[in-house]
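Chemist: Next up is a structure, given as structure tokens.
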Amino acid sequence: MSSATGGRVVVTGATGNVGTSVVRLLSEDPDVVSVHGLARRIPDLSPPKTEWSAVDLASGRTDLAPVLAGADAVVHLAWAFRPTHDPATTWRTNVLGSMRVFEAVAAARVPVLVHASSVGAYSPGPKERAVDESWPTHGWPDAAYCREKAYLERALDTFERDHPQIRVVRMRPAFLFKRESASEQRRIFGGTFLPGQIARPDLLPFLPDIPGLRVQALHTDDAAQAYRLALRTDVRGAFNLAAEPAVDAELLGEMFGARSLRLPRTAARSAIAAAWRLRLLPASPHLFDAVLRLPLMDCSRARAELGWQPRHTAVEVLEEFLLGLRTGAGEATKPLRGRRIG
């Protein structure tokens, strides 16, 4: 077992979708002595063995090395999805902020770094079979999210070369959902005023069936469990994380009791692009392009080397998330605050 969980674990982005699950799980782990959560705003949460610090990674005003001093591991989760119309801003937060964390890990001589990569880092790939962690990670260059995730993969390549004494783990999860993240993800992808109640089966007589729209999902708590296992196990490198089955129009149609209606990619993209240009929809058409090209992931390595197995199926994940949408579920943090619209 790694010594990481016998000491102090620092978690960046600790108040977000993944961060709250990771902090809770680590705070309940008897092998973890303390958890130090870093976020832009200190939340109204008090998990056991947990302390909080307000840190803005994008600003560069905080010297991170003293904050990380004495840590046995850093779990880097901080990420900004918006503003999608200003990729320079997300680049400063996500890429430059992450590189500050990497530099501070080295300066503070932290022995373990677990980084949140994503399926979005992968180059376009197949939908009819799953790929392992050796699939190229060049992203989809038009989408800021994919571009940033892919760039950080290259940055970590250099970091590992220069600091071989640091054990680096890269998690590449599928789309992550839980009930408490529903309000935040509605705001990120659908907009502030999109009613969550539209996720009711009786309001969706049909669902669009778009060629290539076949993706994977995972419960955020299951992803958090993989992070915990990565701290406890002496492993390095990348791990794919996803639940079964893959999500497509047929599966969603069964969930909603709705029939699927074939919709050409160009028609769907044109509608999304128009809404995005009018600032009616935060999710960009570039991200839509990327989603249609993401490969399906083979998670055999996580099962074999981490002993990881998701507790929730993809159907259960989506059912919980949709319930959260309808009820305005949230959490006592600024990013996850709940709000019911409509």
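The values are calculated or read from the model by the stated rules, or taken from the named source; none is laboratory data. Bear in mind the structure is a predicted one, so any value in this text is a computation, not a measurement. Note: ideal-geometry Cβ built from the backbone for every residue, glycine included; neighbour counts use all protein chains shown.
Okay, residues lined up against (1) closer than 17 Å to P295 by Cα; (2) surrounded by fewer than 20 Cβ atoms within 10 Å (Cβ to Cβ); (3) out of contact with any strand residue (DSSP E or B) (no Cβ under 6 Å at 6 or more places or on another chain); (4) among the polar types (S, T, N, Q):
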| site | (1), (2), (3), (4) |
| --- | --- |
| S59 | no, yes, yes, yes |
| L68 | no, no, no, no |
| V75 | no, no, no, no |
| N94 | no, no, yes, yes |
| A106 | no, yes, yes, no |
| V112 | no, no, no, no |
| P124 | yes, yes, yes, no |
| S134 | yes, yes, yes, yes |
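Chemist: Return the total of residues in the stretch 33-59 being over 23 Å from the mean Cα position of the chain (by Cα) and either within 14 Å of P335 (Cβ to Cβ) or not hydroxyl-bearing (S, T, Y) (or both).
Modeler: 3
Chemist: Looking at the stretch 284-342, which of its residues are crowded, with 19+ Cβ neighbours inside 10 Å, over 14 Å from A217 (Cα atoms) and of a type in the set (V, I, T)?
Modeler: T333
Chemist: Would it be correct to say that A223 is assigned to a loop (DSSP other than H, G, I, E, B), of a type in the set (G, A, S) and at pLDDT 95 or above?
Modeler: When the stated conditions are applied, A223 does not pass them.
Chemist: Exactly one of (1) at pLDDT below 95; (2) within 23 Å of V23 (Cβ to Cβ) is unmet by G307. Its number?
Modeler: Of (1) at pLDDT below 95; (2) within 23 Å of V23 (Cβ to Cβ), only one is false for G307: (1).
Chemist: OK, next. I'm trying to understand the selection: among the residues of the stretch 19-39, which are surrounded by 24 or more Cβ atoms within 10 Å (Cβ to Cβ) and either in contact with a helix residue (DSSP H, G or I) (Cβ under 6 Å, 6 or more places away or on another chain) or among the polar types (S, T, N, Q) (or both)?
Modeler: Residues satisfying the conditions are T20, S21, V22, V32, V35, G37.
Chemist: Within the stretch 17-34, is even one residue assigned to a strand (DSSP E or B) and within 17 Å of A71 (Cβ to Cβ)?
Modeler: Scanning the stretch 17-34 turns up at least one residue that is assigned to a strand (DSSP E or B) and within 17 Å of A71 (Cβ to Cβ).
Chemist: Does L241 meet the test of being within 26 Å of V9 (Cα to Cα) and touching a residue at least 60 places away in the same chain (Cβ under 8 Å)?
Modeler: Yes; evaluated as a whole, the condition is true for this residue.
Residues checked against (1) over 19 Å from the mean Cα position of the chain (by Cα); (2) farther than 29 Å from S123 by Cβ:
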residue	(1), (2)
A275	yes, no
R279	yes, yes
P282	no, no
R293	no, no
M297	no, no
W308	no, no
L322	no, yes
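Chemist: Can you find, within the stretch 251-272, the residue that is surrounded by the fewest Cβ atoms within 10 Å (Cβ to Cβ) among those that are within 27 Å of the chain's Cα centre (by Cα) and in contact (Cβ under 8 Å) with a residue 40 or more places away in the chain?
Modeler: Ranking the qualifying residues of the stretch 251-272, first place goes to R265.
Chemist: Given the criteria β-branched (V, I, T), surrounded by fewer than 23 Cβ atoms within 10 Å (Cβ to Cβ) and more than 25 Å from G212 (Cβ to Cβ), does T84 qualify?
Modeler: Criteria not met by T84.
Chemist: Residues to consider are L204, L213, L194, L229; find the one that is surrounded by fewer than 22 Cβ atoms within 10 Å (Cβ to Cβ), modelled with pLDDT of 90 or more and out of contact with any Gly (no Cβ under 8 Å at 6 or more places or on another chain).
Modeler: L213
Chemist: Which residues, taken from the stretch 303-341, are among the polar types (S, T, N, Q) and touching a Lys or Arg at 6+ places or on another chain (Cβ under 9 Å)?
Modeler: Q309, T327, T333
Chemist: Exactly one condition in (1) in contact with a helix residue (DSSP H, G or I) (Cβ under 7 Å, 6 or more places away or on another chain); (2) surrounded by fewer than 24 Cβ atoms within 10 Å (Cβ to Cβ); (3) under 24 Å from D289 (Cβ atoms); (4) touching a residue at least 40 places away in the same chain (Cβ under 8 Å) is false for P141; which is it?
Modeler: Looking at each condition in turn, P141 falls short on (4).
Chemist: What about L25, is it under 18 Å from V101 (Cα atoms), out of contact with any Pro (no Cβ under 6 Å at 6 or more places or on another chain) and among the aliphatic types (A, V, I, L, M)?
Modeler: Judged against the criteria, L25 is not a match.
Chemist: If we only count helices (runs of 4 or more DSSP H) wholly inside the stretch 244-342, which ones have 3 or more residues that are among the charged types (D, E, K, R)?
Modeler: Passing ranges, in order: 265-277, 314-327.
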